[in-house]
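A quick write-up on the structure given underneath.
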2 protein chains.
Amino acid sequence: MKTVNIDLGKRSYPIYIGSHLLDKSALVNKHLHSNQVMVVTNETIAPLYLARVMDALKAPVTETVILPDGEIYKNMQSVNRIFDALMDLRFSRNATLIALGGGVIGDTVGFAAACYQRGISFIQIPTTLLAQVDSSVGGKTGVNHPKGKNMIGAFYQPQCVIADTQVLATLDDRQFRAGIAEVVKYGLIRDADFFCWVEKNMETLLARDDDALAFAIERSCINKADVVAEDERESGLRAILNFGHTFGHAIETGTGYGEYLHGEAVAIGMCQAADLSMRLGWLQPEEVERIEKLISRAGLPASPPESLDSDRFLELMAVDKKNIDGKLRLILLEAIGHAALPQPVPIEHLQATLSEYGR
Amino acid sequence: MKTVNIDLGKRSYPIYIGSHLLDKSALVNKHLHSNQVMVVTNETIAPLYLARVMDALKAPVTETVILPDGEIYKNMQSVNRIFDALMDLRFSRNATLIALGGGVIGDTVGFAAACYQRGISFIQIPTTLLAQVDSSVGGKTGVNHPKGKNMIGAFYQPQCVIADTQVLATLDDRQFRAGIAEVVKYGLIRDADFFCWVEKNMETLLARDDDALAFAIERSCINKADVVAEDERESGLRAILNFGHTFGHAIETGTGYGEYLHGEAVAIGMCQAADLSMRLGWLQPEEVERIEKLISRAGLPASPPESLDSDRFLELMAVDKKNIDGKLRLILLEAIGHAALPQPVPIEHLQATLSEYGR
């Protein structure tokens with residue numbers, strides 16, 4: 001088992017990475033602070049892993065909430081269902097919520113934990129590659145508003161993250177590939193060596209080789225941990241983690257949550273952001289090609305749907321939360337392995353990129 | 001103008017106390033970080049003070065949300081109305097919310113600010129005595145759940161608090177007296193001299209003498225600031241601020257939010273907590289009488305409604321969030337001016353107090 005520590009002073013916590021961690025009773029139990037535990041999962045994950053997690057728990061008052069599966073359920077209604085269950089059981093401030101599932105479950109449960117009685121403990125047990133390398137790490141929690149993704153939420157850190165590589169064996173192929181998008185992202189924004197490693201090992205990763213997965217998850221988490229430790233509440237550096245996300249969020253919102261997986265939308269967004277970086281003279285055309293090629297080798301989409309034209313894209317990007325006072329700022333690449341802090345982007349270059357991809 | 005500083009490191013902020021501060025344009029404008037400002041108030045306050053606040057603001061993009069008035073609107077629906085308005089206007093992370101109203105508005109707006117885009121700035125302009133001495137200070141924000149008061153919320157600090165004593169002139173008598181309950185509380189829990197001052201000056205306070213009010217608000221805020229600075233997230237000392245509140249919340253929940261004002265319920269709760277302190281041998285009978293007498297002189301109720309019997313009280317108190325693992329802990333007085341940290345209370349003493357007041 002590997003352990004990556006997120007260094008946030010009093011709010012520091014470990015990420016455990018390895019095979020068959022779900023059954024390790026000692027791991028989860030040492031992070032509980034009372035006998036009141038509620039496991040929240042979804043209808044897809046419950047039959048696969050819920051019983052194993054419940055068996056590992058030693059808390060006598062253990063309850064479950066099973067939400068429907070899907071990004072469309074990442075909303076205030078799901079948060080309210082968790083509040084209702086906690087209130088029905090009269091769970092106290094010392095209770096712990098366990099999020100067993102992908103990013104939707106992790107973000108929703110984390111936000112419920114942040115708000116119930118102004119904050120109770122929670123533990124992340126991410127069951128998708130995307131959640132293991134990204135959404136379960138760093139304390140961003142929240143839900144979607146009908147008019148914008150992740151608009152309602154809190155910065156709130158878990159007690160620990162348990163990333164079991166073995167659960168990825170049952171992950172469907174599309175979900176798995178969506179996770180690869182975020183792995184590629186870490187290479188692009190701050191780790192050129194890792195980008196090269198992913199280029200060399202893409203087929204091994206796609207074959208879900210245990211060692212390759214553990215390495216990719218650890219390296220991704222170390223990169224994320226470094227950034228989050230430096231800027232917990234996204235006042236500066238942390239913004240680079242949103243590389244490709246402003247385009248990606250526009251795609252997700254514009255097509256209705258659920259058509260594109262988050263990682264798929266980010267994969268497209270990273271290609272668009274790379275293209276834009278080239279138009280500003282930062283990236284070479286061959287670097288953009290190299291990025292697009294790796295995205296395609298992962299079986300991920302590299303261009304947006306035809307239904308979203310430039311005007312609609314601009315409208316959708318304007319409400320993205322990376323903006324200050326209406327000026328559009330984007331994270332771009334100076335080179336593979338080097339992202340710059342958010343930059344105000346000349347509208348003509350942005351339109352050129354959107355037109356290029358709107359063919 | 002008096003200024004009391006809340007010392008919380010990076011999250012420190014000032015409380016301005018004085019007459020005619022609403023019109024002081026310089027005061028509010030120096031705490032804005034962008035040109036996007038939304039003032040949230042209620043139907044009672046809007047016709048009285050909204051125009052004056054709007055006139056004082058120099059931000060060009062200033063919008064308003066006017067909620068219905070009353071504790072029953074301190075809920076997620078009101079928070080969602082604020083989210084919808086912010087999303088409709090595409091307000092960014094640098095926007096500021098201004099809470100113009102009593103505790104309900106302050107708590108609701110503060111929680112919306114804590115969650116919108118994971119946290120935007122907000123400013124408190126409390127218009128009731130209770131909000132000026134208590135709810136606007138200290139960063140507790142949140143709303144009620146149908147099954148419990150203040151169960152959903154966040155610790156989130158404002159940029160500043162502007163307490164204008166002049167707005168108290170239009171406050172209805174019942175609301176004003178409810179605020180006196182919290183003033184009395186500060187004397188009881190940690191400031192015996194202030195308790196004596198309130199005993200001597202009750203009539204002057206009830207006549208809403210400007211100097212007496214400013215003194216009482218300042219002294220209350222200093223007491224609260226000391227406690228909050230030492231324990232921002234209520235892991236220890238801060239619990240003493242809840243003196244009388246476990247009983248009080250039970251009264252509010254048991255009668256349906258709205259029948260009793262918060263301060264009225266707390267006034268009753270403080271009498272019950274004083275009685276219980278006496279049963280444990282901590283307070284003398286004459287001290288309990290002195291407390292009940294001062295509460296009565298303020299025109300506040302000193303005993304609960306007949307509709308709530310002991311059993312119902314116990315049931316309601318069990319879900320209060322000051323409990324750990326089901327054991328009821330209460331804040332009690334060792335003497336007038338000295339509260340103790342939460343204590344597990346023998347059930348027979350609690351039942352004796354409930355019976356005493358259930359006559």
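The values are calculated or read from the model by the stated rules, or taken from the named source; none is laboratory data. Everything numeric here is computed off the predicted structure, so don't read it as measured data. So basically every Cβ, Gly included, is an ideal-geometry build from the backbone, and we count neighbours across all protein chains shown. Please note that ligands, DNA and RNA were not included when accessible areas were found on the heavy atoms of the full protein model with its side chains. Shrake-Rupley method; radii C 1.70, N 1.55, O 1.52, S 1.80 Å.
Taking A:Asp134 as the residue in question, decide whether it is without any contact (Cβ under 8 Å) to a residue 12 or more places away in the chain, out of contact with any strand residue (DSSP E or B) (no Cβ under 6 Å at 6 or more places or on another chain) and either open to solvent by 20 Å² or more (accessible area, probe 1.4 Å) or closer than 20 Å to A:Ala178 by Cβ (or both). It is false that A:Asp134 is without any contact (Cβ under 8 Å) to a residue 12 or more places away in the chain, out of contact with any strand residue (DSSP E or B) (no Cβ under 6 Å at 6 or more places or on another chain) and either open to solvent by 20 Å² or more (accessible area, probe 1.4 Å) or closer than 20 Å to A:Ala178 by Cβ (or both). When segment A:154-183 is limited to residues that are within 14 Å of another protein chain (Cβ to nearest Cβ) and in contact with a Ser or Thr (Cβ under 6 Å, 6 or more places away or on another chain), the one that is nearest to A:Ile6 (Cα to Cα) turns out to be A:Tyr156. Return yes when A:Arg177 is of a type outside the set (A, V, I, L, M, F, W, C), open to solvent by less than 10 Å² (accessible area, probe 1.4 Å) and in a helix (DSSP H, G or I) and no when it is not. It is false that A:Arg177 is of a type outside the set (A, V, I, L, M, F, W, C), open to solvent by less than 10 Å² (accessible area, probe 1.4 Å) and in a helix (DSSP H, G or I). No other residue among B:Arg93, B:Arg118, B:Arg81 is at pLDDT below 95 and out of contact with any Cys (no Cβ under 9 Å at 6 or more places or on another chain) apart from B:Arg93.
Those residues that are in a helix (DSSP H, G or I) and either free of Cβ contacts under 8 Å to residues at least 40 places away in the same chain or open to solvent by 10 Å² or more (accessible area, probe 1.4 Å) (or both), I need them from segment A:115-130; list them, please.
Correct list: A:Cys115, A:Leu130.
Filtering B:Pro301, B:Pro305 for residues that are in contact with an Asp or Glu (Cβ under 7 Å, 6 or more places away or on another chain) and without any contact (Cβ under 8 Å) to a residue 60 or more places away in the chain leaves a single hit, B:Pro301.
Among the residues of segment B:225-239, those identified as out of contact with any Lys or Arg (no Cβ under 7 Å at 6 or more places or on another chain) and of a type outside the set (Asp, Glu) are B:Ala225, B:Ala229, B:Arg233, B:Ser235, B:Gly236, B:Leu237, B:Arg238. When segment A:213-230 is filtered for residues that are open to solvent by less than 10 Å² (accessible area, probe 1.4 Å) and more than 11 Å from A:Val137 (Cβ to Cβ), the ones remaining, listed by number, are A:Leu213, A:Ala216.
Counting only helices (runs of 4 or more DSSP H) that fall entirely inside segment A:279-359 and contain at least 1 residues that are open to solvent by 50 Å² or more (accessible area, probe 1.4 Å) and modelled with pLDDT of 95 or more, the qualifying elements are A:285-297. Taking the residues in segment B:35-86 that are hydroxyl-bearing (Ser, Thr, Tyr) and under 25 Å from A:Gln77 (Cα atoms) as candidates, determine which candidate is surrounded by the most Cβ atoms within 10 Å (Cβ to Cβ). Step by step, filter segment B:35-86, then rank; the result is B:Ser78. Of the residues making up segment A:141-153, those that are open to solvent by 10 Å² or more (accessible area, probe 1.4 Å) and at the interface with another protein chain (Cβ under 7 Å from one of its Cβ atoms) number 2.
Does A:Ala265 fit the bill of being small (Gly, Ala, Ser) and closer than 20 Å to A:Arg329 by Cα? Spell out how you get there, then give the answer.
Working: small (Gly, Ala, Ser): yes; closer than 20 Å to A:Arg329 by Cα: yes.
Yes.
Evaluation of B:Arg233 against the conditions (1) part of a loop (DSSP other than H, G, I, E, B); (2) within 16 Å of B:Val4 (Cα to Cα); (3) within 14 Å of chain A (Cβ to nearest Cβ) shows that the sole unmet condition is (2). Could you check, for segment A:100-110, whether at least one of its residues is within 14 Å of chain B (Cβ to nearest Cβ) and among the hydrophobic types (A, V, I, L, M, F, W, C)? Among the residues of segment A:100-110, not one is within 14 Å of chain B (Cβ to nearest Cβ) and among the hydrophobic types (A, V, I, L, M, F, W, C), which makes the answer no. All told, B:Gln175 falls short of being free of Cβ contacts under 8 Å to residues at least 40 places away in the same chain and not small (Gly, Ala, Ser).
Condition check for B:Glu252 on (1) out of contact with any Phe, Trp or Tyr (no Cβ under 9 Å at 6 or more places or on another chain); (2) closer than 26 Å to B:Met151 by Cβ; (3) among the acidic types (Asp, Glu): one failure, at (1).
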